[in-house]
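Below: one structure, written as structure tokens.
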Amino acid sequence: MFNLRMSFASIAMGALACAPSAHAGFFIPKGTTMVMFTASPDEENYELAYGFDRRLSGSLGVTRVKEDGDSAPWRNVAMAQFSYLLHRQPTTDGIFNAYVWAGPIATRLESVNSMGAASALVKHSPPEPAVPAPDNKTRVGAQGGLWVDFETRLIYTRLKLHSFKTQDWRRNEVVAQAMLAPYKADYEDIASWGGVQVKRVSGDKTEITPYVRFFQRRWWIDAGVSVDRTHRDNFFFNVSYTF
């Protein structure tokens, strides 16, 4: 059973990241395709990824972020990237992974009152006429990051560093997660974890989000609610499927 869990660990570790900022970074095993959708009041992620071999995977995705409150415009970020497995170390009862990734991005601001799929998660005032963003030209740049995690059948820990940069925009993210499983699930059973994510984005206050994860062999679902004063009641969910 542990060998089966080990093969699944490299897929399941991606989930998670799955709170906000689930996009970009996790490694996809060889021959595996993954689709993922994540939504919160200030971030949405859509991603398609594929594992080319045991060390190299690639993905295409779109991220939408809102960085300055409900009245700020959404920023669309289209990206392509390659992820590379730096190190994988099996232990007595778990596995340690370290990855890096990088790729090009193109960003553009939407109209101030454009609404996305996660708009239902936020309480809005009656809509006002759309106002053009100050500068909605498309800009190109790059993104990259580092990801390390450790997983057993009972615990999961992760640290992610992620940076985006264009000529007129920069965003740095630091995400730390810790989760605990209430029971040791078999590979074919539905497993569950509960834990907390701490996220820091440049120019923003630290966000603290308790959340739960349910997953099986090919899918997982994450959901959580932030509890810090700035982001209180921000709800997020993530749905991922591999095939």
Inset, instruction - Give the residues of segment 185-228 that are assigned to a loop (DSSP other than H, G, I, E, B) and either without any contact (Cβ under 8 Å) to a residue 12 or more places away in the chain or of a type in the set (Ser, Thr, Tyr) (or both), sorted by residue number. - result: Tyr187, Ser202, Thr206, Ser226
Legend entry - Residues of segment 135-155 satisfying the condition of being without any contact (Cβ under 8 Å) to a residue 40 or more places away in the chain and part of a strand (DSSP E or B): Arg139, Val140, Gly141
Inset, instruction - Mind listing whichever residues of segment 68-97 are under 16 Å from the mean Cα position of the chain (by Cα) and in contact (Cβ under 8 Å) with a residue 40 or more places away in the chain? - result: Val77, Met79, Gln81, Ser83
Inset, instruction - Kindly provide the set of residues from segment 188-213 that are more than 19 Å from Arg232 (Cα to Cα) and buried (at least 16 other Cβ atoms within 10 Å of the Cβ), ordered by number. - result: Ala191, Trp193, Arg213
Inset, instruction - Determine if segment 158-167 includes at least one residue that is hydrophobic (A, V, I, L, M, F, W, C), modelled with pLDDT of 95 or more and under 17 Å from Val77 (Cα atoms). - result: yes
Inset, instruction - Scan segment 28-36 and give yes if some residue there is among the hydroxyl-bearing types (Ser, Thr, Tyr), in contact with a Leu (Cβ under 9 Å, 6 or more places away or on another chain), closer than 30 Å to Ala185 by Cβ and surrounded by 22 or more Cβ atoms within 10 Å (Cβ to Cβ), otherwise no. - result: no
Legend entry - Of all residues in segment 170-184 being more than 17 Å from the chain's Cα centre (by Cα) and part of a strand (DSSP E or B), the one that is nearest to Glu43 (Cα to Cα): Arg170
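The values are calculated or read from the model by the stated rules, or taken from the named source; none is laboratory data. It should be emphasised that the depicted structure is a prediction, and the values quoted were computed from it without experimental measurement. Because the Cβ atoms are built from the backbone with ideal geometry, glycine has one as well, and the counts that use them run over all protein chains shown.
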